[in-house]
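Report on one structure; see the data block that follows.
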Amino acid sequence: MSFEDRVIDPASEEMLQIAEEKGHESCFSRYEDMTPQCGFGAAGVCCTICLQGPCRVNPSDNGKGNQEAICGARDYTIVARNLVRTIAGGAANHSGHARHVAEVLREVASGKAEDYEIKDEAKLKNMATALGIEIEGRETNEIVKEVAEEAISNFIGYHGEEVSWLKTAIPESRYNLLNDCDVIPQGINDVIADSMHRTAMGVDSDPLNLIFGGLETALSDFTGCAMGTDLSDILFGTPELVESEANLGVLEEDAVNLVVHGHDPLLSEKVVEAAKRLEDEAKAAGAEKGIKISGICCTGNELLMRQGVSLAANYTSQELAIMTGAVDAMVVDVQCLMPSLQEISRCYHTEIITTMEISKITGAKHIQFNDATAGADADTIVKTAIEAFKKRNAEVNIPDYKSKLMAGFSVEQIVAVLEKVNADDPLSVVTDALASGDIRGIALFAGCNNVKTKQDQNHLKIAKELVKNDVLCVATGCAANSLGKHGLMIPEAVEEYAGEGLKKFIGQLSDAAGVELPLVWHMGSCVDNSRAVKLATALADYTGLDLGELPVVATAPEAMHEKAVSIGSWAVTLGLPTHVGVVPPVTGSTLVTDVATNIAEDVFGGHFIVETDPEAAAEKLIDKIDQRNWMLEMKAKAKEKVEG
Ligand code: NFS
Ligand code: SF4
């Protein structure tokens, strides 16, 4: 297979050429070695939950294959159980991230994490108020303590109490619907543990009961996402508009290149500070341009949003960054790290540094990162990078491709821009544009890259089609990285790709704000998908509509991780039509597939749209938006008639 068949990004293409010349493996070549992949696994009908397995059922083989597993489980039970476990995996990841931030916040309050401080007091107070915590006449530290404790209490369901964070992020109407469906989580950790329990051999075999359990787990994932975003904003500041760059070309030959990769801002924020402190040391080591920090995956997005750090790569190009020979150290925390990084780094001088107890890579250097000694640990990491720089030997091949981008679209920032147009009634700027048709709807681009799709292609094709049709696009995670590196997050892209209405809308905001806004709005990392929900919730509250009625859709064009499945599941549960561009392992059960793609809509308003063809996917998303607009119009007409 040629490089053009795997990637559309010329920087990745160039690096794959080098990989081939040098005989390096990559996820792309390993994927080819892995095909054809197992059809049972792909359909979700393989079970390894107990030691009698693996069991494989084959419902589609005209009734000739095994219909029942050894214990008697049928396709629907096996598929639903596997799905619930996947969602639980995602929820454990997102909420683990949130719990770490919550714990540090508590340590800040008790003076045990001296290297951290509260950067956004206004957000602290807003969140406290939303959680029902008294702020009047209280010291900041007392509020910090109570917010942190409230956050931590969300992990364990005391006396049947529901998680409080969820309520702060969604409209009341949606909360009530979820409550009626009995899917409000009581304790994030409890729900994840229950998922493991109910999916064990011989527990829950009712597919519908399993699916509702999965949705509750997905909502615990959402709770973790929202908490992760809010608490990170409190500790590190709420993002504001910021300019930066993306793609492998951000690496600098004459600098110590320290790449941060993973998800946890608690580490990477400190690394950025340490790099500033140790700039002279890097120069003394011969790095003319000092230290260049760049990011991969969501840690990159977190730092981009708050510090303007540039993005070196998204998920499937992480290995390629090392092959440039320019990366002196890659410091990783948790999630989306390919174990292959260490193997490739052995051909170069690159140090792979792991930092978290639960996330080590065989052969990599481990520098344990502790909240109490965060600053000093970050110094050690940066010094290790400087030492590695001194050992640079192989030739450096940095592809000469990068794109400018603008990021920083927190809900707070978006509202601040809207206030420039209408100070008294900022949200009306969006609802008016929706009502006039200037913008047809809003689409959230989320999720990863996946070797099963040509890298970045689905993201790009769908986004271009949607903006041409006046859909306002916001993006997070590797999807955002992808759209950023292909030039969709610059103001010039508005003129080039947007439909007339969207052009008018963004132009109006740019004029009022006195800053040229980009075409697609970068909202942050994957936990920051909660920002998109909060934006939709603000619009829902303002209009008195529910999330399930708004012309808002979501798409994960190249989903890969368990987290993406979890996010997709809560997006559906919150009422969003949600496209996935990779076929998830549910097709082995017509029942589960039908619930996900069809019946879910009757209950929650949202449903999955599985479509691997990007043009067709864009069309389906636009149809969905149009359908919702039509229903809103009908509702308004009916109301008019009744009220005379
Ligand atoms: Ni989201 Fe982010 Fe990327 Fe996918 Fe991984 S980095 S948390 S999971 S691959 S978007
Ligand atoms: Fe097979 Fe049932 Fe055991 Fe799964 S739980 S491996 S289906 S016997």
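The values are calculated or read from the model by the stated rules, or taken from the named source; none is laboratory data. Just so you know, these numbers come straight off a predicted model, no measurement behind them. Reconstructed Cβ throughout: ideal geometry from the backbone, glycine too, with neighbour counts over all protein chains shown. We work out accessible area using only protein heavy atoms, side chains counted, and drop any ligands, DNA or RNA first. Shrake-Rupley method; radii C 1.70, N 1.55, O 1.52, S 1.80 Å.
Results for (1) at negative phi; (2) in contact (Cβ under 8 Å) with a residue 24 or more places away in the chain; (3) in a helix (DSSP H, G or I), shown as yes or no for each residue.
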{"site": "Thr217", "(1), (2), (3)": "yes, yes, yes"}
{"site": "Asp221", "(1), (2), (3)": "yes, yes, yes"}
{"site": "Gly228", "(1), (2), (3)": "yes, yes, yes"}
{"site": "Leu231", "(1), (2), (3)": "yes, yes, yes"}
{"site": "Ser244", "(1), (2), (3)": "yes, yes, no"}
{"site": "Val260", "(1), (2), (3)": "yes, yes, no"}
{"site": "Asp280", "(1), (2), (3)": "yes, no, yes"}
{"site": "Lys289", "(1), (2), (3)": "yes, yes, no"}
{"site": "Lys292", "(1), (2), (3)": "yes, yes, no"}
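Checked against (1) over 22 Å from the mean Cα position of the chain (by Cα); (2) open to solvent by 20 Å² or more (accessible area, probe 1.4 Å), Ala329 meets all criteria but (2).
Within this structure, Lys360 passes the test of being under 26 Å from Met323 (Cβ atoms), basic (Lys, Arg), open to solvent by 50 Å² or more (accessible area, probe 1.4 Å) and free of Cβ contacts under 8 Å to residues at least 24 places away in the same chain.
In this structure, Gly89 does not qualify as within 30 Å of Met356 (Cβ to Cβ) and either at pLDDT below 95 or touching a Pro at 6+ places or on another chain (Cβ under 9 Å) (or both).
Kindly state which helices (runs of 4 or more DSSP H) lie completely within segment 413-496 and contain at least 3 residues that are open to solvent by 10 Å² or more (accessible area, probe 1.4 Å). Steps first, answer last, please.
Values: elements: 426-436, 457-468, 477-485.
In segment 413-496, 426-436, 457-468 are the helices (runs of 4 or more DSSP H) which contain 3 or more residues that are open to solvent by 10 Å² or more (accessible area, probe 1.4 Å).
Considering (1) assigned to a loop (DSSP other than H, G, I, E, B); (2) of a type outside the set (Phe, Trp, Tyr); (3) at pLDDT 95 or above, the lone condition that Gln186 does not fulfil carries the number (3).
State all residues of segment 150-170 that are open to solvent by 80 Å² or more (accessible area, probe 1.4 Å) and either touching a Ser or Thr at 6+ places or on another chain (Cβ under 7 Å) or not in a loop (DSSP other than H, G, I, E, B) (or both); if no residue qualifies, say none. Can you show your working first?
Within segment 150-170, the first condition is being open to solvent by 80 Å² or more (accessible area, probe 1.4 Å), and the residues that meet it are 156, 158-159, 161, 167.
Correct list: Tyr158, His159, Lys167.
Restricting the search to segment 344-357, which residues are in contact (Cβ under 8 Å) with a residue 60 or more places away in the chain and over 21 Å from the mean Cα position of the chain (by Cα)? Break it down into steps so the answer makes sense when it comes.
Step one: list which residues in segment 344-357 are in contact (Cβ under 8 Å) with a residue 60 or more places away in the chain, which gives 344, 347, 355-356.
Once the filter is applied, which keeps residues that are in contact (Cβ under 8 Å) with a residue 60 or more places away in the chain and over 21 Å from the mean Cα position of the chain (by Cα), segment 344-357 yields Ile344, Cys347, Thr355.
Out of curiosity, is Ile358 touching a Lys or Arg at 6+ places or on another chain (Cβ under 9 Å) and either more than 16 Å from ligand 2 (Cβ to nearest atom) or at pLDDT below 95 (or both)? Taking the combined requirement at face value, the residue does not satisfy it.
Scanning segment 266-278 for residues that are part of a helix (DSSP H, G or I) and open to solvent by less than 50 Å² (accessible area, probe 1.4 Å) gives Leu266, Leu267, Ser268, Glu269, Lys270, Val271, Val272, Ala274, Ala275. Among the conditions (1) away from ligand 1 (no atom under 12 Å from the Cβ); (2) at negative phi; (3) assigned to a loop (DSSP other than H, G, I, E, B), Gly325 misses just one, which is (2).
Every test in (1) of a type in the set (S, T, N, Q); (2) in contact with a strand residue (DSSP E or B) (Cβ under 6 Å, 6 or more places away or on another chain); (3) surrounded by fewer than 24 Cβ atoms within 10 Å (Cβ to Cβ) is passed by Gln318 save one, and that test is (3). Residues of segment 121-142 that are within 20 Å of Leu166 (Cα to Cα), assigned to a loop (DSSP other than H, G, I, E, B) and open to solvent by 60 Å² or more (accessible area, probe 1.4 Å): Gly132, Glu134.
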